[in-house]
Amino acid sequence: MTENQGDNAVKAKNVADRSAPVKKYQLVIVTGLSGAGKSAALHSFEDIGYQAVDNLPLAMLGALLDQAACKDDPAPIAVGIDSRTMHFSPEHFAQVMQQVRSRPEIQLHVLFMDASDDVLMKRFSETRRPHPLGEGQLLRLAITQERQMMVAVRENIDGILDTSARTSIETRSILRRRFAGDKGPQLVVTYMSFGFAHGVPRDADLVFDVRFLRNPHYVDELQPLTGRDKGVANYVRADEGFDKFLAKLEDMISFLLPRYRDEGKAYVTIACGCTGGRHRSVAVTEALAGMGAIEDMTVNLYHRDLDRER
């Protein structure tokens, strides 16, 4: 290749690089008034697959975005920045947002969380948490001071969400509709077996007692096995009440899970218990985990007491 040919190849590559479409990723800046629901909003973004960072100093935002840009397929990011943030000022906020909007790889949305003064007063009174700008002054004065400070911030926003008359469930639903895109809300379902002899799991949302089923513990050749073994599973399934119970349970779970998901629940744990947590509960849980999953549902299987010493 001659020198001219090499120069032409470099020029052609540069032109191609400039003309190639830039792959954008979503960045949501969550700002607004203290007590208006910013932290809850960030939790909602986490539930729909965003990487969420709260109370990030403005000076560190550029470094965070640089790291995200290095990934081939960066996850969307939600960042909480408000009056609590170190060295925060409306002027600095406007300057940084302008810099971010100039980056072609970023699709920015600045979301302002708002609520009426009376609602903010009520929320701070109920939680008994100090206002970030309190510093010993009256709560209403601190709220007024922050609202005045954030007037300039509102000049740089893309949307407002007023939570004055909305429940947290309604707020989460709005955020999912606005920002989840085609993904929809995700639901992680864990089917857990356990033994009542070792205590009821405190993190279970639904608990079912399967001790009414025939017990393999009293069959010598089955006693050392577990509900994951075919012989034990067949023995439990042979109980005349097994199929009817499982059908009713599956019907109820299929009814509940979509409603839990739509209500904004991200995790559901369904626990089945027998005496020791090794035979009947394991067999039932294995059967439940094999039922058809609803859309946007991830299934986990966990046998809490399976390996516990008898």
Subject >> Residue, surrounded by the fewest Cβ atoms within 10 Å (Cβ to Cβ), within segment 30-78, restricted to residues that are in a loop (DSSP other than H, G, I, E, B), touching a Leu at 6+ places or on another chain (Cβ under 8 Å) and hydrophobic (A, V, I, L, M, F, W, C) >> reply: Leu56
Original post:
Of the residues in segment 117-152, how many are out of contact with any helix residue (DSSP H, G or I) (no Cβ under 7 Å at 6 or more places or on another chain), charged (D, E, K, R) and in a helix (DSSP H, G or I)?
Top reply: 6
Subject >> Pair list, Cβ < 9 Å and 6+ apart or interchain, from segment 233-254 residues that are in the same structural domain as Val210 (by TED's automatic domain parsing) to residues that are part of a helix (DSSP H, G or I) and surrounded by fewer than 13 Cβ atoms within 10 Å (Cβ to Cβ) >> reply: Arg237/Asp243
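Only residues that are hydroxyl-bearing (Ser, Thr, Tyr) and part of a helix (DSSP H, G or I): list them for segment 237-283, please. So that I can check it myself, show each step before the final result.
Initial filter on segment 237-283 (hydroxyl-bearing (Ser, Thr, Tyr)): 254, 260, 267, 269, 275, 281.
Result: Ser254, Tyr260, Ser281.
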Subject >> Condition check for Ser39: in contact with a helix residue (DSSP H, G or I) (Cβ under 6 Å, 6 or more places away or on another chain) and among the hydroxyl-bearing types (Ser, Thr, Tyr) >> reply: no
Subject >> Selection count, segment 66-101, where residues are more than 21 Å from the chain's Cα centre (by Cα) and aliphatic (A, V, I, L, M) >> reply: 6
**OP:** Scan segment 162-176 and report the pairs whose first residue is within 17 Å of Ser116 (Cα to Cα) and whose second residue is part of a loop (DSSP other than H, G, I, E, B), with Cβ atoms within less than 7 Å and a gap of 6+ or a chain change.
**Re:** Asp162/Ala115; Thr163/Ala36; Thr163/Gly37; Thr163/Ala115; Ser164/Ala115; Ser164/Ser116; Thr171/Gly37; Thr171/Thr163
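Would you call Arg101 assigned by TED's automatic domain parsing to the domain that holds Pro57, farther than 30 Å from Gln67 by Cβ and at pLDDT below 95?
Working: assigned by TED's automatic domain parsing to the domain that holds Pro57: yes; farther than 30 Å from Gln67 by Cβ: no; at pLDDT below 95: yes.
So Arg101 fails the test.
The values are calculated or read from the model by the stated rules, or taken from the named source; none is laboratory data. All values derive from a computational prediction rather than experimental measurement. Cβ atoms come from the backbone with ideal geometry, glycine included; neighbour counts cover every protein chain shown.
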